[in-house]
Structures are given as structure tokens and as C-alpha cells.
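Asks: First the structure, then my questions, so here it is.
The values are calculated or read from the model by the stated rules, or taken from the named source; none is laboratory data. None of the values given here were measured: they were computed from a predicted structure. Here the Cβ positions follow ideal geometry from the backbone for every residue, glycine too, while neighbour counts run over all protein chains shown.
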Amino acid sequence: MKMRRPLALFSVGEMSTGRIEAFSDGVFAIVITLLVLEIRVPVVAGPNAGPLLTHSLRAMAPKFLSYALSFAIVCIWWVAHHYLFHLLRKSDRGLLWLNSLFLLWLAFIPFPTALMGDYPRERIAVMCYGAVMALAGMSFSGMRYYAFFVAKLTQSGLDSKLLRRAMIKSIFNPILHLIAILLALVSTKLAIALYVMIPLLFFIPSGLERHAPAPVGQSQRAGG
């Protein structure tokens, strides 16, 4: 009896992408909501409430920054996730599990966001933030690699060069977060500065996104 390749064991159960997209969008929405819930209104009282409130809001600046960073990154992943599934003609069991792994790290983002917001000068807090972001980025890149080159779930006619370039750009996200973790060993300010720069690098659409094909009908997607 001929043995199947290990990865081929997951390339079963072909189906449309509708359910996986709907579930993922729900998780994205929850994560965005949890990020803002970590920011609490300061409680001040007394005749000098105004100056105390101003001081409290200034002290919360790291929390606002960590929220903005995570919000931007999550939105970037949402856009990338949308475009990824826009290019697919079907999904399979392997893609379902890889997407679940990505959502595992995505759903955990509110914790390191709050941690770094509360302790922006603590090395472990800044490194924890980068580690979770790097793991989320690696899991998303792994899902994209599987869909593009392993299970080959994409629509026909896509330029292989554009697929490879999009893959390279995707890998830069976790690599830059890993570099920021190493920078935190030297300076937490340098690490946070790199965190701020990372979202700016991904706002520009890739060549694959600019040349994405027209949407296919749901029936065509379901039929592969």
C-alpha cells in the first residue's frame, strides 16, 4: 500500500471558503473590541480634578500607543486575510486548522497589548508583545504558504511570481517583530519604535493585491 505524504493527509474535505471567512471575521471583530476594553477611564475626584485628570491621561499614553499599534496590525491582518481568501477557489481540512492556529494567536493579542501598555519600560513586557505578534505573523504566513504552494487552493491563472513576492512580504512581518524582540534586549524604546514602523510598511498593497482577479461566484467557489 502506497503511503501518502504527511501534508497530503490534511488536503482532504474540499469545501467553499464561506464558513471559514465568516468565523474569522467574527474573531477579528471580538479582538478589536477587546483591545479598546483594556483602556479604562481614570477615576479622579476633588477640587483639583482637572489637573489630576490631565496627569492621568498623560500617564496613559503608553496604553493609547499599544492600542493603536495592535489595532493597526490587526486591521492589516484582516485586509491580508480578506485578500488571501479572495484568491482561493476552495478550502480544505488543512487550511481550516492552519487558520485556527492563526486565530489562536490573534485572539491572544489583547493580553500583550495591555501588558506593554501598563509596563512600557519593562523588557519582558515589550518582548512578550513582539513574541505574540511574531507567532501570529508566522502562523498567517504558514497558512498563506500552504494555500499557495502546498494544497494549491488558489484560482487558476495567478502569476506565480506575484504569489512568491506576496509570500516574501508576508514573512517580513514576523521577522521584523523578532528583530524588535532582540532590540528590546538593548533598549525598549528602540523596540517600540520598530513596532511603530512595522504597520507603515504594510499599508501599501502588494502586487498580488493590485492584480487580484475579479470575485468569483459562490457556486463556482464551492465547486472548485
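Asks: Can you pull out the residues in segment 12-56 that are polar (S, T, N, Q), outside any helix (DSSP H, G or I) and surrounded by fewer than 16 Cβ atoms within 10 Å (Cβ to Cβ)?
Replies: Residues of segment 12-56 that are polar (S, T, N, Q), as a first pass: 16-17, 24, 33, 48, 54, 56.
Now narrow it down to the ones that are outside any helix (DSSP H, G or I): 16-17, 48.
Within segment 12-56, just 48 meets the criteria.
Asks: Examine segment 55-73 for a residue that is within 21 Å of residue 139 (Cβ to Cβ), more than 14 Å from the chain's Cα centre (by Cα), modelled with pLDDT of 90 or more and hydrophobic (A, V, I, L, M, F, W, C), and state whether such a residue exists.
Replies: Scanning segment 55-73 turns up no residue that is within 21 Å of residue 139 (Cβ to Cβ), more than 14 Å from the chain's Cα centre (by Cα), modelled with pLDDT of 90 or more and hydrophobic (A, V, I, L, M, F, W, C).
Asks: If you don't mind, there's one more thing I want to ask. Note down all Cβ pairs under 9 Å where the first residue falls in segment 187-205 and is touching a residue at least 60 places away in the same chain (Cβ under 8 Å), the second is part of a loop (DSSP other than H, G, I, E, B), and they're at least six residues apart or on different chains.
Replies: From segment 187-205, the pairs are 188/120; 188/121; 188/122; 191/185; 192/120.
Asks: Now, a different point. Taking the condition of being within 12 Å of the chain's Cα centre (by Cα), surrounded by 18 or more Cβ atoms within 10 Å (Cβ to Cβ) and either assigned to a helix (DSSP H, G or I) or basic (Lys, Arg) (or both), how many residues in segment 86-109 meet it? Working first, answer last.
Replies: We begin by selecting, within segment 86-109, every residue within 12 Å of the chain's Cα centre (by Cα); these are 99, 101-109.
When the remaining residues are screened for being surrounded by 18 or more Cβ atoms within 10 Å (Cβ to Cβ), the result is 99, 102-103, 105-106, 109.
In the following step, the residues that additionally are either assigned to a helix (DSSP H, G or I) or basic (Lys, Arg) (or both) were identified as 99, 102-103, 105-106.
Qualifying residue count, segment 86-109: 5.
Asks: Continuing with this model, one more query. When you scan segment 129-137, do you find a residue that is more than 14 Å from residue 77 (Cβ to Cβ), crowded, with 21+ Cβ neighbours inside 10 Å and in contact with a helix residue (DSSP H, G or I) (Cβ under 7 Å, 6 or more places away or on another chain), even just one? Full working, then the answer.
Replies: Initially, segment 129-137 is screened for residues more than 14 Å from residue 77 (Cβ to Cβ), giving 129-131.
From what is left, the residues that are crowded, with 21+ Cβ neighbours inside 10 Å are 129-130.
After this cut, where a residue has to be in contact with a helix residue (DSSP H, G or I) (Cβ under 7 Å, 6 or more places away or on another chain) as well, the list is 129-130.
Yes, segment 129-137 contains at least one residue that is more than 14 Å from residue 77 (Cβ to Cβ), crowded, with 21+ Cβ neighbours inside 10 Å and in contact with a helix residue (DSSP H, G or I) (Cβ under 7 Å, 6 or more places away or on another chain).
Asks: Which of the residues spanning segment 152-174 are touching a residue at least 24 places away in the same chain (Cβ under 8 Å), part of a helix (DSSP H, G or I) and either aliphatic (A, V, I, L, M) or over 22 Å from residue 82 (Cα atoms) (or both)?
Replies: Those that are touching a residue at least 24 places away in the same chain (Cβ under 8 Å), part of a helix (DSSP H, G or I) and either aliphatic (A, V, I, L, M) or over 22 Å from residue 82 (Cα atoms) (or both): 162, 163, 166, 167, 171.
Asks: Mind listing whichever residues of segment 185-224 are part of a helix (DSSP H, G or I), at pLDDT 85 or above and hydrophobic (A, V, I, L, M, F, W, C)? Please lay out each step first, then the result.
Replies: Step one: list which residues in segment 185-224 are part of a helix (DSSP H, G or I), which gives 188-201, 207-210, 218-223.
If we keep only those that are at pLDDT 85 or above too, we end up with 188-201.
Hits for segment 185-224 are 190, 191, 192, 193, 194, 196, 197, 198, 200, 201.
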